[in-house]
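Enquirer: Please read through the structure below; I'll follow up with questions.
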2 protein chains.
Amino acid sequence: MPEQLAESIVQLALRRGFFNPTAEIYRASAGFYDLGPLGALMKNNLINYWIDTFVKRETSFDVYLIDGSLILPYDALKASGHVDKFTDPMAECKKCGRAHRVDQLIEDVLGLKVEGKSIEELQEIVRKNGVSCPNCGGELAGFKEHHLMFKLSVGGGEETAFLRPETAQNIFLNFKRIAFSMRAKLPFAVAQVGKSFRNEISPRQSIIRLREFSQMEVEVFFSPLRADGPRGFEEVGDTVIRVLTREEQMRGNGEAVELRARDAVEEGIVPNRFLAYYLAREVRFFQSLGIPPENMRFRHLLPEETPHYSGGNFDLEVKFSFGWKEIVGNAYRRDYDLTVHSRHSGEDLSMDDNGVKVVPHVVEPSFGVERILYAILEYSYREGVREWPLLMLPRIVSPIKAVVLPLLDREALTSRAWEVYTALRMSRRPIYVVYDDRGSIGRRYARADEAGANLCITIDFQTLKDNTVTVRDRDNAQQVRVKIDELEEIIFNDMYRGLEGTGGG
Amino acid sequence: MPEQLAESIVQLALRRGFFNPTAEIYRASAGFYDLGPLGALMKNNLINYWIDTFVKRETSFDVYLIDGSLILPYDALKASGHVDKFTDPMAECKKCGRAHRVDQLIEDVLGLKVEGKSIEELQEIVRKNGVSCPNCGGELAGFKEHHLMFKLSVGGGEETAFLRPETAQNIFLNFKRIAFSMRAKLPFAVAQVGKSFRNEISPRQSIIRLREFSQMEVEVFFSPLRADGPRGFEEVGDTVIRVLTREEQMRGNGEAVELRARDAVEEGIVPNRFLAYYLAREVRFFQSLGIPPENMRFRHLLPEETPHYSGGNFDLEVKFSFGWKEIVGNAYRRDYDLTVHSRHSGEDLSMDDNGVKVVPHVVEPSFGVERILYAILEYSYREGVREWPLLMLPRIVSPIKAVVLPLLDREALTSRAWEVYTALRMSRRPIYVVYDDRGSIGRRYARADEAGANLCITIDFQTLKDNTVTVRDRDNAQQVRVKIDELEEIIFNDMYRGLEGTGGG
């Protein structure tokens, strides 16, 4: 059943144009996907909604959005530690030649947590326990640290560069420039949305683990001398969050603790108010996207999973059909990045806190776009409600806000429907509307439901008499009759239905 | 003077956060730039306006927006011809080691057009004319074809891939999937916005020639059996376009011919109506962005500049302070791409035109995002109008739609101003508003003008009495008094000022 759901989503995605393997007409490389017409619209809608929520409507501190280069020079990633440490343990099968990620393989086969172990230790575990190639049973060999960054040669070949492994680095590299040009004062934040790249050894599960993926990140910079947190903490701090503590994890598959974000800080579970602020806002954001709070948890990463400099990492995990999976990484990076970049570049990256020079501390929520899109698809997919599959997408991110349909294939109806369609297309509002006159009205409703279109607008014979149309709601298939003049406003307002009070909007 | 303008733009960009070299705190590689807070907002606004114009409001045919992978496999780019032919002629200085693009060097030094010549021919020209290193006067050596694609190794190293050199290829690779999932009929179009990469030998002029850049592209697919063009040609065809014909170019620095898009097709200057349709729409689009028609021309590329398969390429060139430069490439690619991908992949990429199987022909307008941003900055920059520099940005793309200012630093005014600001921030409209209370009101107006903020909203003592504020227009510095309740609507409508009738909106 769980596997069936994942397979249904993939089939729907291919059939209706949400996503497909890159260059699928050739032997495509694993871990690369393209978003088709519906997927691209949905991604744009998600990004716009995220920017709206975490940038434009953020008034607890200033948030500056930047858009940086995907190719970064060697020096920058040497300083950040990625050149030396951004690797996964790998081994190859002697028989079939397939490459495997050794730590994952051990975890899958033996159920052991081995993060943080050296390549020699992992090799020893494989040997002792007789772990073999899951593909052909062959012997594993060639153990080594596999580098996760894609390496490039720039210019005539004299310069080495990499595709960025995270969007965060551009923000640290531009920190001084942004602080100067925006005359920024602490606390302030910088956000970025864009592609990042990791040369994973064995990418899997369609768009869940990709080699090229999109991130929506914020780095909030604050003075380590202050514990009062952001301006908006007063209200947001009351939000209930579910934390899977380290203690619970050590005791096996423990239960998450439910508590208010405010109390999580006071009880020392979450290290500071900026981090707690984002955890709370994430719960509200994903609730507004149709994910029930009980299917979200913040897993406090274990010491061996946490970088040495971190003051605490909390992964927002969501329950998928195949288990819990991270969709947002939250990290308290302290002053690590600014300190190392300051040391390597020679630039002073400190700021002033009422006369005291401080290197700002950083909290980073990092959202994985494709995983979120996939999560939304899983939580929206319904079989058995109607005679066809139904996608009850959150109305704000659904690709199609309305389908305009002539009831029958008669010139009087199609020409009036076309007029209504083109007028809606000219709207200044962000309402994407399509026209469909192919097949019976029932089949067209089915197609609209499967694409997750919020509304269907049908032009019938009564329309020709009184300029009214029927508006059918995707979720309950109910129809109401409205005036054509009101359509633009109705479609627009419908996008925001259910967002009031979630804090996500 | 022209150089001064370019330098003023670069300084303004650094000072106010439009753009800066990537990783500027290190030795940055040439040809990589990051967009800062104002630049990123401006880019987003430009992209949204472009999508609005060329996707959402396009009703002459269906346009599907996709979002594909930046990393493409070897097979796909082998088929497209990029692996074999996407090169520039290069030579290195024996003395200082600097790499040069030989054809450009010959053009700069000798004023000769040498596009299409072989590396041996170029080497001969350099030798005969004694062309030396423009940097140090040293002898040039090591002549070779330099590959413009960035090469990557995927997985354990067994797979070769490239960063895409143009967004177009994803569209051809997904052609069959899109036609199937959208049940598309000819003519239809596919659009894409995203990064592309070219390992230029000597990138220059800040964001004009980059190694990593953004494109906004459309590929329109149509049946070669039909000459009637798109549905909207009737109206759009009347637009006057300026074409620099091949004949004029051969006769030296000729004048562009002015004629209606419709006549350009009938007189055989432009090869078909789909291409003419886009040329006309581009003129309107850029006119709406403040570029006067007389400073735009479509240069018909000479035979030696045109790929063998092309049915005609027309570069939209704009007059910059340093000369005419392409900002949009328009290409009639015929059936080349679908034919080669069909041959290499074994997939049937033909479609049906009333019972006849055809391989669709393609017209491609390809917009360069960073060059357009730079062009807009040059055409918006004013010195001497006020005591400070002024950016008269097109209101639709300006990063800041309004600045909210308390007249003086008094609690009663700042707290009321903050209320007005946060309320506007919560708006569902795409109006980005900032708050500024630092320095005298005059200095704050100056800062707003320099950032190109459309409006300044000032909260003064009268506000406290009657809930009115002053709204100052950037372009004429005039102030009017309005009710706070009307602000959201005023700022929103102001964004579209001047767009009526340009066809760009």
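The values are calculated or read from the model by the stated rules, or taken from the named source; none is laboratory data. Remember, it's a predicted structure, so these values are computed and weren't measured experimentally. Note that each Cβ is placed from the backbone with ideal geometry, even for glycine, and that neighbours are counted across all protein chains shown. These accessible areas exclude ligands, DNA and RNA; they are computed on the full protein's heavy atoms, side chains included. Shrake-Rupley method; radii C 1.70, N 1.55, O 1.52, S 1.80 Å.
Enquirer: Give me the residue from the stretch B:294-320 that is more than 19 Å from B:E115 (Cβ to Cβ) and surrounded by fewer than 17 Cβ atoms within 10 Å (Cβ to Cβ) and, out of that set, farthest from the chain's Cα centre (by Cα).
Expert: Checked the stretch B:294-320; the qualifying residue farthest from the chain's Cα centre (by Cα) is B:E294.
Enquirer: How many residues does the stretch A:371-388 contain that are surrounded by fewer than 22 Cβ atoms within 10 Å (Cβ to Cβ) and of a type in the set (G, A, S)?
Expert: Residues flagged as surrounded by fewer than 22 Cβ atoms within 10 Å (Cβ to Cβ) and of a type in the set (G, A, S) within the stretch A:371-388 amount to 2.
Enquirer: Let me ask something additional. Might you check whether a residue that is within 30 Å of A:R447 (Cβ to Cβ) and without any contact (Cβ under 8 Å) to a residue 40 or more places away in the chain occurs anywhere in the stretch A:329-347? Break it down into steps so the answer makes sense when it comes.
Expert: So in the stretch A:329-347, the residues within 30 Å of A:R447 (Cβ to Cβ) come out as none.
Among the residues of the stretch A:329-347, not one is within 30 Å of A:R447 (Cβ to Cβ) and without any contact (Cβ under 8 Å) to a residue 40 or more places away in the chain, which makes the answer no.
The rows are residues; the columns are (1) touching a Lys or Arg at 6+ places or on another chain (Cβ under 9 Å); (2) over 22 Å from A:Y49 (Cα atoms).
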position	(1), (2)
A:S321	no, yes
A:I327	yes, no
A:N330	no, no
A:R333	no, yes
A:V358	no, yes
A:P365	yes, no
A:V369	yes, no
A:R382	no, yes
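Enquirer: Within the stretch A:203-218, is there a residue that is of a type in the set (A, V, I, L, M, F, W, C) and open to solvent by 40 Å² or more (accessible area, probe 1.4 Å)?
Expert: Checked the stretch A:203-218: no residue is of a type in the set (A, V, I, L, M, F, W, C) and open to solvent by 40 Å² or more (accessible area, probe 1.4 Å).
Enquirer: Select from the stretch B:11-43 the residues that are under 18 Å from the mean Cα position of the chain (by Cα) and either open to solvent by 20 Å² or more (accessible area, probe 1.4 Å) or of a type in the set (D, E, K, R) (or both) and list them in ascending order.
Expert: Answer for the stretch B:11-43, where residues must be under 18 Å from the mean Cα position of the chain (by Cα) and either open to solvent by 20 Å² or more (accessible area, probe 1.4 Å) or of a type in the set (D, E, K, R) (or both): B:Y33, B:D34, B:L41, B:K43.
Enquirer: Still on this structure, I have one more. Would you point out which residue out of A:I269, A:I291 is open to solvent by less than 20 Å² (accessible area, probe 1.4 Å) and either farther than 19 Å from A:V114 by Cα or part of a helix (DSSP H, G or I) (or both)? Let's see the steps before the verdict.
Expert: Values: A:I269 fails: open to solvent by less than 20 Å² (accessible area, probe 1.4 Å).
After applying the criteria, what remains is A:I291.
Enquirer: To continue, here is another question. Within the stretch A:471-489, track down each residue that is β-branched (V, I, T) and buried (at least 19 other Cβ atoms within 10 Å of the Cβ). Write out each step before concluding.
Expert: The initial filter retains those residues of the stretch A:471-489 that are β-branched (V, I, T), namely A:471, A:480, A:482, A:484.
Once the filter is applied, which keeps residues that are β-branched (V, I, T) and buried (at least 19 other Cβ atoms within 10 Å of the Cβ), the stretch A:471-489 yields only A:V471.
Enquirer: Being assigned to a strand (DSSP E or B) and of a type outside the set (A, V, I, L, M) is the filter here; which residues of the stretch B:325-342 pass it? So that I can check it myself, show each step before the final result.
Expert: So in the stretch B:325-342, the residues assigned to a strand (DSSP E or B) come out as B:325-334.
Within the stretch B:325-342, B:K325, B:E326, B:G329, B:N330, B:Y332, B:R333, B:R334 meet the criteria.
Enquirer: Are any residues in the stretch B:491-505 aromatic (F, W, Y) and part of a loop (DSSP other than H, G, I, E, B), and if so, which ones?
Expert: Restricting attention to the stretch B:491-505, the residues satisfying the condition of being aromatic (F, W, Y) are B:492, B:496.
Within the stretch B:491-505, just B:Y496 meets the criteria.
Enquirer: Just to check your reading of the model, which residue among B:E488, B:E419 is closer than 25 Å to B:Y49 by Cβ and not in a loop (DSSP other than H, G, I, E, B)? It would help to see each step written out before you state the result.
Expert: Numbers: B:E419 fails: closer than 25 Å to B:Y49 by Cβ.
Every option except B:E488 fails the conditions.
Enquirer: Checking the condition at negative phi and surrounded by fewer than 18 Cβ atoms within 10 Å (Cβ to Cβ), which residue from B:R333, B:R438 passes? First the steps, then the outcome.
Expert: Values: B:R333 fails: surrounded by fewer than 18 Cβ atoms within 10 Å (Cβ to Cβ).
B:R438 is the lone residue from the list that is at negative phi and surrounded by fewer than 18 Cβ atoms within 10 Å (Cβ to Cβ).
Enquirer: Now a separate question. What's the total number of residues in the stretch A:395-422 that are open to solvent by 10 Å² or more (accessible area, probe 1.4 Å) and within 11 Å of another protein chain (Cβ to nearest Cβ)?
Expert: Going through the stretch A:395-422 one residue at a time, the tally reaches 4.
Enquirer: A follow-up question, please. Working carefully through the options B:R481, B:R472, B:R443, find the one that is assigned to a strand (DSSP E or B) and farther than 30 Å from B:N48 by Cβ. Explain how you work it out, then say what you get.
Expert: Details: B:R472 fails: farther than 30 Å from B:N48 by Cβ; B:R443 fails: assigned to a strand (DSSP E or B).
When all the criteria are applied, what remains is B:R481.
Enquirer: OK, next. Within the stretch A:423-435, can you find the residues that are open to solvent by 30 Å² or more (accessible area, probe 1.4 Å) and either without any contact (Cβ under 8 Å) to a residue 40 or more places away in the chain or among the aliphatic types (A, V, I, L, M) (or both)? Show your work before the answer.
Expert: Within the stretch A:423-435, the first condition is being open to solvent by 30 Å² or more (accessible area, probe 1.4 Å), and the residues that meet it are A:423, A:426, A:428-430, A:432, A:434-435.
Within the stretch A:423-435, A:A423, A:M426, A:R428, A:V434, A:Y435 meet the criteria.
Enquirer: Let me ask something else about it. Being open to solvent by less than 20 Å² (accessible area, probe 1.4 Å), closer than 27 Å to B:P21 by Cα and either of a type in the set (V, I, T) or not assigned by TED's automatic domain parsing to the domain that holds A:N20 (or both): is that true of A:I171 here? Outline the logic, then answer.
Expert: On the way: open to solvent by less than 20 Å² (accessible area, probe 1.4 Å): yes; closer than 27 Å to B:P21 by Cα: yes; either of a type in the set (V, I, T) or not assigned by TED's automatic domain parsing to the domain that holds A:N20 (or both): yes.
The answer is yes for A:I171.
Enquirer: If we scan the stretch B:452-468, do we find a residue that is part of a helix (DSSP H, G or I), surrounded by 18 or more Cβ atoms within 10 Å (Cβ to Cβ) and within 12 Å of chain A (Cβ to nearest Cβ)? Before the answer, list the steps.
Expert: Applying the first criterion (part of a helix (DSSP H, G or I)) to the stretch B:452-468 yields B:461-466.
This time we only want the ones that are surrounded by 18 or more Cβ atoms within 10 Å (Cβ to Cβ), so: B:463.
Subsequent filtering for residues that are within 12 Å of chain A (Cβ to nearest Cβ) retains none.
Checking the stretch B:452-468: not a single residue is part of a helix (DSSP H, G or I), surrounded by 18 or more Cβ atoms within 10 Å (Cβ to Cβ) and within 12 Å of chain A (Cβ to nearest Cβ).
Enquirer: Now a separate question. Restricting the search to the stretch B:83-104, which residues are open to solvent by 40 Å² or more (accessible area, probe 1.4 Å), away from chain A (no Cβ under 13 Å) and farther than 30 Å from B:R343 by Cα?
Expert: Once the filter is applied, which keeps residues that are open to solvent by 40 Å² or more (accessible area, probe 1.4 Å), away from chain A (no Cβ under 13 Å) and farther than 30 Å from B:R343 by Cα, the stretch B:83-104 yields B:K94, B:K95.
Enquirer: Return the residue satisfying two criteria in turn: it lies in the stretch A:221-254 and is among the acidic types (D, E) and more than 25 Å from A:D335 (Cα to Cα), and of such residues it is least open to solvent (accessible area, probe 1.4 Å). Give the derivation first.
Expert: Looking only at the stretch A:221-254, we keep the residues that are among the acidic types (D, E), and these are A:228, A:234-235, A:238, A:247-248.
After this cut, where a residue has to be more than 25 Å from A:D335 (Cα to Cα) as well, the list is A:234-235, A:238, A:247-248.
Values: A:E234: 127, A:E235: 109, A:D238: 74, A:E247: 119, A:E248: 35 Å².
The qualifying residue least open to solvent (accessible area, probe 1.4 Å) is A:E248.
Enquirer: So, A:K176, is that one open to solvent by 30 Å² or more (accessible area, probe 1.4 Å) and either in contact with a helix residue (DSSP H, G or I) (Cβ under 7 Å, 6 or more places away or on another chain) or not assigned by TED's automatic domain parsing to the domain that holds A:V318 (or both) or not? I'd like the intermediate steps shown before the answer.
Expert: Values: open to solvent by 30 Å² or more (accessible area, probe 1.4 Å): yes; either in contact with a helix residue (DSSP H, G or I) (Cβ under 7 Å, 6 or more places away or on another chain) or not assigned by TED's automatic domain parsing to the domain that holds A:V318 (or both): no.
Here the answer is no, as A:K176 does not meet what is asked.
Enquirer: Continuing with the same structure: Test each condition in (1) in contact with a Pro (Cβ under 7 Å, 6 or more places away or on another chain); (2) modelled with pLDDT under 95 for A:L302 and report the one that comes out false.
Expert: The single condition A:L302 does not satisfy is (1).
Enquirer: Within the stretch B:394-416, track down each residue that is within 17 Å of B:N493 (Cβ to Cβ), of a type outside the set (S, T, N, Q) and assigned to a loop (DSSP other than H, G, I, E, B).
Expert: Of the residues in the stretch B:394-416, the ones within 17 Å of B:N493 (Cβ to Cβ) are B:394-398, B:400-402.
With of a type outside the set (S, T, N, Q) added as a condition, the list becomes B:394-397, B:400-402.
Residues satisfying the conditions are B:P394, B:R395, B:I396, B:V397, B:I400, B:K401.
Enquirer: Now, a different point. Quick check on this structure: which one of B:E145, B:E139 is open to solvent by 10 Å² or more (accessible area, probe 1.4 Å), out of contact with any helix residue (DSSP H, G or I) (no Cβ under 7 Å at 6 or more places or on another chain) and in contact (Cβ under 8 Å) with a residue 24 or more places away in the chain? Before you say what the answer is, go through the steps one by one.
Expert: Values: B:E145 fails: out of contact with any helix residue (DSSP H, G or I) (no Cβ under 7 Å at 6 or more places or on another chain).
Step by step, each of B:E145, B:E139 is checked, and only B:E139 is open to solvent by 10 Å² or more (accessible area, probe 1.4 Å), out of contact with any helix residue (DSSP H, G or I) (no Cβ under 7 Å at 6 or more places or on another chain) and in contact (Cβ under 8 Å) with a residue 24 or more places away in the chain.
Enquirer: With respect to A:I47, is the statement that it is modelled with pLDDT of 95 or more and in contact with a strand residue (DSSP E or B) (Cβ under 8 Å, 6 or more places away or on another chain) true?
Expert: yes
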